[in-house]
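Working notes, structure below.
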Amino acid sequence: MSKTFEKAVKILSLFNYEKPVWTLDEMAQETNIPKPTLIRFLKSFTEVGFLRRPSHYVGSKLVLSDNYYLGYKLIELGVIASSSLEVKNIALPEMISLRDEFDVAVQLICMDQLDGLYLEKVESTNPALLYTKVGRRAPLYAGACSRIILAYQSNKLINEILLGNLVKFASGTLTTKNELLNAIESSKKLGYAYSLSELAEGTVSLAVPIFNAEGKVLYSISIAGIEANIPKSKIKEYLPRMWKAAAKISKELGYSASYPYGQ
């Protein structure tokens with residue numbers, strides 16, 4: 001990767017759900033890119049629409065804001081990328097069916113390096129305040145929908161995460177090596193993961209794996225809501241239907257073996 005391209009990626013990667021707005025000074029401090037160089041990048045990004053810098057009037061004078069936001073061109077590209085995802089198009093009918101049957105939020109997640117990335121979400125008729133949004137990330141160890149993916153990864157990757165910094169997002173986040181390893185092993189054996197207050201307080205997620213043509217688990221499908229709607233005592237009521245949905249999605253992705261759960 002060229003140094004110029006590396007700097008460009010570094011700047012654009014600053015913008016996320018937690019901090020969608022940045023000033024020049026903040027970006028310079030975070031990236032260690034000299035301000036003159038950073039200004040040139042920001043000027044180019046705003047010209048092509050990758051970033052935007054709103055203006056406002058001070059008296060009768062139009063002044064540019066100190067704040068930078070992601071631009072509409074990136075939103076357009078994101079929509080194009082999202083619409084071209086085969087797994088999303090395959091999974092969406094099953095997600096809608098699960099939502100209609102159980103009246104819970106349904107989510108599709110993919111593995112992206114050491115994170116779970118939320119690709120699609122179908123809301124219930126009574127939306128709960130959840131951590132999840134399309135495009136948001138969660139570490140593979142936190143939340144059922146990410147952890148069920150982690151359960152099927154190599155021992156090398158699992159150990160890398162176990163030995164890393166396990167950040168506590170909410171009261172239920174698993175942050176010790178032993179409890180996380182037990183949860184991973186249990187998820188793979190049982191074919192599902194369940195989480196309570198791991199990413200946001202009082203919220204629940206129940207997730208099952210999706211297999212691709214190579215038999216790898218890079219995706220999962222989950223239902224989510226508040227604990228009263230998806231209590232642990234009712235897991236068995238949801239799982240057969242969720243496994244059936246995951247089996248159908250897996251088959252359409254090219255998975256030729258029998259789905260290993262719920263048959």
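The values are calculated or read from the model by the stated rules, or taken from the named source; none is laboratory data. Keep in mind that what you see is a predicted model, and the values were worked out from it rather than measured. Cβ atoms come from the backbone with ideal geometry, glycine included; neighbour counts cover every protein chain shown.
Right, Lys156: over 17 Å from Ala207 (Cα atoms) and of a type in the set (D, E, K, R) or not? Steps first, answer last, please.
Details: over 17 Å from Ala207 (Cα atoms): yes; of a type in the set (D, E, K, R): yes.
Judged against the criteria, Lys156 is a match.
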Report those helices (runs of 4 or more DSSP H) wholly inside the range 1-97 carrying at least 3 residues which are touching a strand residue (DSSP E or B) at 6+ places or on another chain (Cβ under 7 Å). 35-48
Aliphatic (A, V, I, L, M) and either in contact with a Cys (Cβ under 8 Å, 6 or more places away or on another chain) or assigned to a strand (DSSP E or B) (or both): which single residue out of Leu206, Leu199, Leu239 fits that description? Leu206
Write out, first by first residue and then by second, each pair whose Cβ atoms fall under 8 Å of each other, whose residues are 6+ apart or on separate chains, and whose first residue, in the range 99-122, is under 28 Å from Asn155 (Cα atoms) while the second is of a type in the set (Lys, Arg) and in a loop (DSSP other than H, G, I, E, B). Leu117/Arg136; Tyr118/Lys133; Tyr118/Arg136
Unique residue being in contact with a Leu (Cβ under 6 Å, 6 or more places away or on another chain) and modelled with pLDDT of 90 or more when the list is Ser146, Ser187, Ser195, Ser171: Ser146
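For every residue, the table says whether it meets (1) assigned by TED's automatic domain parsing to the domain that holds Gly116; (2) without any contact (Cβ under 8 Å) to a residue 24 or more places away in the chain.
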| residue | (1), (2) |
| --- | --- |
| Glu198 | yes, no |
| Gly215 | yes, no |
| Ser222 | yes, no |
| Ile226 | yes, no |
| Lys232 | yes, no |
| Pro240 | yes, yes |
| Trp243 | yes, no |
| Pro260 | no, no |
Among the candidates Ala207, Ala183, single out the residue that is among the hydrophobic types (A, V, I, L, M, F, W, C) and either touching a strand residue (DSSP E or B) at 6+ places or on another chain (Cβ under 6 Å) or not assigned by TED's automatic domain parsing to the domain that holds Ile158 (or both). Ala207
Select, from Gly215, Gly225, the only residue that is in a strand (DSSP E or B) and either of a type in the set (Gly, Ala, Ser) or more than 19 Å from the chain's Cα centre (by Cα) (or both). Gly225
Qualifying residues in the range 233-263 (those that are surrounded by fewer than 17 Cβ atoms within 10 Å (Cβ to Cβ) and hydrophobic (A, V, I, L, M, F, W, C)) - the one nearest to Ala213 (Cα to Cα): Ala257
Assess whether Ser197 counts as being among the polar types (S, T, N, Q) and touching a helix residue (DSSP H, G or I) at 6+ places or on another chain (Cβ under 7 Å). no
Identify all residues within the range 1-30 that are hydroxyl-bearing (Ser, Thr, Tyr) and more than 12 Å from Leu42 (Cβ to Cβ); write none if there are none. Ser2, Thr4, Ser13, Tyr17
